[in-house]
1. Arrange the following residues from fewest to most other Cβ atoms within 10 Å of their Cβ: His263, His568, His511.
2. When a/c reaches 1.5 or more, the comparison of a/b and b/c decides; with that in mind, is the chain rounded, prolate or oblate per its Cα gyration tensor?
3. Can you give the FRET efficiency to the nearest 0.05 for Asp168 and Asp54, using r as the Cβ-Cβ distance and R₀ = 60 Å?
4. Take Ile665, Ile22, Ile655 and order them by how many other Cβ atoms sit within 10 Å, fewest up front.
5. Between Arg440 and Arg310, what is 0.36 nm times their sequence separation minus the Cα-Cα distance? Round to one decimal in nm.
6. To make sure I understand the rule: partners must be aspartates and glutamates, Cα under 17 Å from the Cα of Lys419, and not fewer than 8 residues away in the same chain. Which ones qualify?
7. Would you please give the FRET efficiency between Leu622 and Gln696, computed as 1/(1 + (r/R0)^6) with r the Cβ-Cβ distance and R0 = 25 Å, to the nearest 0.05?
8. If I fit a long axis through the Cα atoms of helix 41-52 and take the longest principal axis of the Cα atoms of the chain, what angle between them do I get, 0 to 90°, rounded to 10?
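What follows draws every value from the coordinates through simple rules; no lab data is involved. Since we're looking at a predicted model, the values are computed, not measured. Please note: Cβ atoms are built from the backbone with ideal geometry, for glycine as well, and neighbour counts cover all protein chains shown.
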Amino acid sequence: MTIERNFDIPLIASLALKEKQIQQNYRPIIAVHKWFARRPGTLFRGLVLSEFSDEPLSETFFNSNNFPNKTIADPFMGGGTPLIEANRVGCDVLGFDINPMSAWIVREEVERLDLSAYEKASRSLIQCLKNEIGGFYRTDCLLYGDTGVPVKYFLWVKVLQCERCDKDMDLFPGYLLAQNRRHPSNVIICPQCGELNEKESLHPLGQCKSCRAPLRLEGPAKRNRCACPHCGHINTYPRPSDGPPRHRLFAMEYHNARRKSEHSGRFFKKPDQGDLARFAAAGKRWRELEPLFVPDQEILPGDESDRLHRWGYTKYQDLFNDRQLLGLELGCRLIRATNNERVQRALATNLSDLLRYQNMLCRYDAMALKSLDIFSVHGFPVGLIQCESNMIGIANGSGAPVGSGGWKNIIEKYTKAKKYCDMPFETRQKNGHKVILPVRGEWIGEQNNGGPKRRVQIKCISSTRAEIPEQSLDAVFTDPPYFGNVQYAELMDFCYVWLRRLVGESFDGFHQKSTRSPDELTGNETQKRGIQHFAEGLSSVYQRMARALKPGAPLAFTFHHNKMEAYHAVGVAILDAGLVCSSTIPCPAEMGGSIHIHGTGSSIIDTVFVCRVHGTIKRRLLFQAPSELIGLVQDDLVHLTAAGMKPSAGDIRCIVYGHVTRMGIWSLRNQWNTKEPISERLKKFTHAVSSMGNLQDIIRNIAGKPFEQNLLIAEQHQRYEIEDDDAVSF
Ligand SMILES: C[S@@+](CC[C@H](N)C(=O)[O-])C[C@H]1O[C@@H](n2cnc3c(N)ncnc32)[C@H](O)[C@@H]1O
């Protein structure tokens, strides 16, 4: 067995940490289409190589590898990270996911594409769209008198009708449109006349340059209440009975390439009559169309989608404004008219991915001055200010996209992703600089230049029903759902309803109206899926995978959750499958600054559970007392620190949970009875873990010490320890 021996925590952790800062630069393939909670490709490359090669990982990682006789499965493939990494090094792969969007996306990633045909078709699509709707994304630059310059972003505020006086009010939570980080000044909206005021300093704010009203930062809308500026009545929102919220265009950011050199910063403006007329004209054009592709599907209830219902959204099309619906409908028509079927599928994938920027739930980042797409958090939060991106996209003089969220951006990313399939690379730091190392000889796909074929089997089914021949797999590498953290199906339905309408129902899983399934292994209150459902499902999948593994082959998977309860389910599933966990490896797998992690106390560390039916485990991993557990965690901290990380209390918690789960499995393995009811099995596992000591005390003990002290203790501990290769067989 080799992951346990060969895996290099500092190397992989440092690569994974960098990858998660800008994953697209390290693994451009992820840009084929959004998927949630993608783990680092570098981590799975590290796992595959350390299992199948005995060379040091520091060498194999940057060189070309080929394991043509290995077969790998992933029962929870999502966006396909483990599968792609295994396919890239020559393995045959077998992937399952319950969500039809996952199967679609992974097939898109793997399937060869004639890039020149794609480039031609995408150029033509953009040109046609430009001719049809380009004028709706233009404005006049009042600063320099230039006409018809492209708009980057339109900014909209939600509007509410006063219950008492019937007049409309803007639901501004604040009046600061842009901070002075990426722009030389702060941009403040006048509460009185809506003029945009550029202010170097926020203290004092002074008066509006147009109407002289005093400027302020705080807006009237707070905690679902807003005082009517006309009559003072306190109104509450949202008001679902009024239907979907209405919006008012209050600002725009545009791009004036001609004046870029003489102008410092961005170009903002309050919309003028022409801008309002352009939007009205787009709306008229939309209403005159007989839509063929805009889905009319209802939004089903769910933990995440109920938020949309609370705001009065009932259909998916309610989430878009008229200009967006017009552009998307026309885009779909152009895609359907494309002759080349493969290219048609690629463009349909692009449209599905484009949707996340082309809807009225996108927010505006007032600091970074860009659009935040609907999936920038794993949910459907409804803001008061929404950002509409230019649907076509803008290119600068050298052809690179300006701003985000348009066709040009999506096509550029997709092209890079497909090029990467033919020429994958790794990125290394040399003297503080990033160096791109092409890995010649590796490629992603089923066949390259007429050479031997690699098998790629992708199935849209619940892995609780996966049929794989016994003892046929050399490894299972996966990343299961993390209990209730991400509602994959509820979120992906947003894209799926469009894609299905566009491409039809004949693709794997596309007969379903929604991607939701009672068998999805996520906790979900609406669907009444709790920890028992998760534990039973995971157990059934792992049992199937364990039977399919060759003797001694690994099932390795990543996991993290803030609650120990989720790890109980993991422990039960591993025991049910007759597996033993021979190692728990910490690895950064999220970006600390990402919106859904930052400031939440969540961990960015995953534990990789390496499990086998037979094998050996290092004796020193079999801790008895809390002090020994603390020692193991401190060792992990040394490795992570060497990788350039400073683990947080949340990270320490996840590392502890990983070790105690591993140890719980070890202690129960000989007396485990899979016939007992799931509630009993969960109880037994909970009991085994709680007998290891008070975990919160252990976590506090480690997290409460100055960081350097933990490292010092671990280093002393390692210095005095005799090289301990003593192993226990199982
Ligand atoms: C954490 S994600 C995998 C992410 C993936 N590794 C990636 O890099 O994008 C977990 C996946 O499990 C899938 N899933 C949930 N329940 C399932 C089931 N019963 N059978 C198969 N897949 C399931 C979800 O649809 C989701 O794609």
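1. Ranking His263, His568, His511 by Cβ neighbours within 10 Å, fewest first, gives His511, His263, His568.
2. Prolate, because a/c is 1.5 or more and a/b exceeds b/c.
3. Result of the calculation: an efficiency of 0.25.
4. Ile22, Ile665, Ile655
5. Fully extending the segment from Arg440 to Arg310 adds 41.5 nm.
6. Cα-Cα hits under 17 Å: Glu85, Glu108, Glu109, Glu111, Asp114, Glu119, Glu442, Glu446.
7. Values: r = 23 Å, r/R0 = 0.91.
After rounding, the FRET efficiency stands at 0.65.
8. Compared with the principal axis, the helix lies near 20 degrees.
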